[in-house]
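Some notes on the structure that comes next.
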Amino acid sequence: MKVTGFSFVKDAIKYDYPVVEAIRSVLPLCDDFVVAVGKSSDATLELIQNIDKEKIRIVETVWDESLREGGRVLAVETDKAFAAVPDDSDWAFYIQGDELLHEKYLPVIRDAMTKYQNDPKVDGLLFHYAHFYGSYDYVGSSSHWYKNEIRVIKNDKSIYSFRDAQGFRKGNDKMLYVKTIEAYIYHYGWVKEPKAMQRKQENFNKYWHDDEWVEKKIQKAEEFDYSNIDRLTPFESTHPEVMKKRIETKNWAFDYDLSLNKLTLKERVKEFLSKYLGLDFNYRNYRILK
């Protein structure tokens, strides 16, 4: 069984992406790894080149800055990386620049890939998600955070990145059939030094909206205000080992008062219906195989 990892990145240093840690977290499962590195205003290319010269293969790209709707450019860059996955690979492991895999899940994922490698019904593997916010000590726990997503797919080139690169489709806009595995992706996109987070907000929204929307909706500030959040839960487990150094060098404070958790009436109703009636309100861009 051959596994190739793939990802995309641009301006990782400027916007403080833990992309090195992200790639290293999945390398133990991968025979090789493809990274589409967009032309950057910092030393992102050199950063990626120095991760693992034996396993990493770089595809240098230029982002289409005219794609200003729905995060489409992110899907385009994902597809460039996936297209470079060798034909002899069985699986492709997709990881974004702010996502990490804890080493405790490596055996679970390897076993699932082995089990379903030759099962034609299975297009991919579905992961649970933990979304960290503000610091490495809290996770978002309202329904605004997506709960699951596909991160391992068969090396089927009819599969393509969907919308803003959150998930995948295949062929003529068909959802993938997936198996859920008991493994989490740790998403650190909302844990950055406040100035870097503010820079990201002011820049990244241009890939979803036009200049007028960004000017009107994104507040200009020196630092990002992390206080505007509906509900957080303390994180009481461990982080991936490759994140240890980054966490130790965190240079900002974020202390959240859990009594400030606030959910709208709509959110409370949805939570009640989910807990007591088993209703699922999560958006699903996939079909789960039992």
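The values are calculated or read from the model by the stated rules, or taken from the named source; none is laboratory data. Fair warning: this is a prediction, and the values are worked out from it, not measured in the lab. Cβ sites come from the backbone with ideal geometry, for glycine too, and all protein chains shown count toward neighbours.
Listed values, structure above:
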| item | result |
| --- | --- |
| Residues (in a loop (DSSP other than H, G, I, E, B), touching a strand residue (DSSP E or B) at 6+ places or on another chain (Cβ under 8 Å) and under 19 Å from ILE185 (Cβ atoms)) located in the range 1-50 | TYR17, PRO18, CYS30 |
| Some residue of the range 208-221 being touching a residue at least 60 places away in the same chain (Cβ under 8 Å), crowded, with 16+ Cβ neighbours inside 10 Å and not in a helix (DSSP H, G or I) | yes |
| Residue check, PHE224 of a type outside the set (D, E, K, R), surrounded by 17 or more Cβ atoms within 10 Å (Cβ to Cβ) and closer than 21 Å to ASP79 by Cα | no |
| Residue in the range 70-89 that is in a strand (DSSP E or B) and either buried (at least 23 other Cβ atoms within 10 Å of the Cβ) or under 19 Å from the mean Cα position of the chain (by Cα) (or both) present | no |
| Total residues in the range 30-44, condition surrounded by fewer than 18 Cβ atoms within 10 Å (Cβ to Cβ) and either on the phi > 0 side of the Ramachandran plot or of a type outside the set (Ser, Thr, Tyr) (or both) | 4 |
| Selection within the range 232-260 - closer than 26 Å to ARG199 by Cβ and part of a loop (DSSP other than H, G, I, E, B) | PHE235, HIS239, PRO240, THR249, LYS250, ASN251, TRP252, ALA253, PHE254, ASP255, TYR256 |
| Within the range 119-151, tally of residues that are without any contact (Cβ under 8 Å) to a residue 60 or more places away in the chain, surrounded by fewer than 21 Cβ atoms within 10 Å (Cβ to Cβ) and in a loop (DSSP other than H, G, I, E, B) | 3 |
| Residue in the range 255-276 that is of a type in the set (Val, Ile, Thr), modelled with pLDDT of 95 or more and closer than 30 Å to GLU223 by Cα present | no |
| Odd one out for GLU54 among (1) under 30 Å from ARG199 (Cα atoms); (2) among the charged types (D, E, K, R); (3) free of Cβ contacts under 8 Å to residues at least 24 places away in the same chain | (1) |
| Restricting the range 174-194 to residues that are at pLDDT 95 or above and charged (D, E, K, R), the residue that is nearest to TYR226 (Cα to Cα) | GLU182 |
